[in-house]
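See below for the structure under consideration.
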Amino acid sequence: MRHLFEAGKNADKPTLVLFHGTGGTENDLIPLARLISPESSILSVRGNVLENGMPRFFRRLAEGVFDIEDLKFRTVELYDFLNNAADEYSLDRNNFVAIGYSNGANIAGSLLFHYKDAFKAAILHHPMVPIRSIALPDLSNVPIFIGAGKNDPICSASETEELEQLLSGAGASVNIHWEDYGHQLTRTEAQAAGEWFNQQYNS
Ligand code: MLT
């Protein structure tokens, strides 16, 4: 898959795996990653699907209506990519932390829903429930930060709470940061994600 890799100054810090939003590229979340963990290596992936020229991580049938077969296929494809990238760049595969926004948060969520060892932690900005009616793996010891907007027209507050319940039900420790705004990723939300990350790994 098309991607960008930047070796960090400190190989012991988690590798940040970045997933952009619809229409984005692997460059979009680099400033966010540098804010969250300046010394980490970065593995940033570009979604393999194009919707009217806009990169995405899986197909959708309409706004908010996912093509579940494609979602499953792309989830496996990405999981394989991450395993291969760990070998290629000599990274500790058990030290990957996801950072995703919007469509990127949804594919990161799907990886968490399908594999117990996809990530050791995840920062999901404005995620939806990626897929329903599947049994989640054991996610105990997987801390998850969710950034959400009370007035997000794409992901409602009730869907955020549903996602939180599903992940918590699988054992994950979930922290939701609420903003009063919509789907945008605000500065204060990014800072809250950084503070959460520091509490997990630097305190
Ligand atoms: C999705 O399709 O993943 C969500 O609707 C978020 C987005 O607009 O990309």
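Annotations
- Candidate set from segment 40-66 (those that are part of a strand (DSSP E or B) and among the charged types (D, E, K, R)); member that is farthest from the ligand (Cβ to nearest atom): GLU51
- The residue of segment 87-101 that is farthest from PHE113 (Cα to Cα), among those that are within 16 Å of the ligand (Cβ to nearest atom) and among the aliphatic types (A, V, I, L, M), is ILE99.
- Residue list for segment 137-147, restricted to those being surrounded by fewer than 17 Cβ atoms within 10 Å (Cβ to Cβ) and in contact with a Phe, Trp or Tyr (Cβ under 7 Å, 6 or more places away or on another chain): PRO137
- For PRO153: the one exception among (1) farther than 17 Å from HIS20 by Cα; (2) within 14 Å of the ligand (Cβ to nearest atom); (3) surrounded by 19 or more Cβ atoms within 10 Å (Cβ to Cβ): (3)
- Per-region count, segment 1-39, residues surrounded by fewer than 19 Cβ atoms within 10 Å (Cβ to Cβ), outside any loop (DSSP other than H, G, I, E, B) and not basic (Lys, Arg): 7
- Some residue of segment 67-86 being more than 16 Å from the ligand (Cβ to nearest atom), part of a strand (DSSP E or B) and under 15 Å from the mean Cα position of the chain (by Cα): no
- Residues of segment 163-203 satisfying the condition of being charged (D, E, K, R) and more than 15 Å from ALA33 (Cα to Cα): GLU164, GLU179, ASP180
- Contact map, segment 148-176: first residue without any contact (Cβ under 8 Å) to a residue 24 or more places away in the chain, second residue more than 15 Å from the ligand (Cβ to nearest atom), Cβ cut-off under 6 Å, separation 6 or more or different chains; pairs are ALA157/LYS150; GLU164/VAL174; GLU164/ILE176; SER168/VAL174.
- Odd one out for THR160, checked against (1) over 26 Å from PHE81 (Cβ atoms); (2) surrounded by fewer than 19 Cβ atoms within 10 Å (Cβ to Cβ): (2)
- Restricting attention to segment 115-145, the residues being without any contact (Cβ under 8 Å) to a residue 40 or more places away in the chain, away from the ligand (no atom under 16 Å from the Cβ) and not in a loop (DSSP other than H, G, I, E, B) number 1.
- Test: ALA105 is in a strand (DSSP E or B) and either without any contact (Cβ under 8 Å) to a residue 12 or more places away in the chain or in contact with a strand residue (DSSP E or B) (Cβ under 6 Å, 6 or more places away or on another chain) (or both): no
Just so you know, all these numbers are worked out from the coordinates, no wet-lab data involved. Since we're looking at a predicted model, the values are computed, not measured. Reconstructed Cβ throughout: ideal geometry from the backbone, glycine too, with neighbour counts over all protein chains shown.
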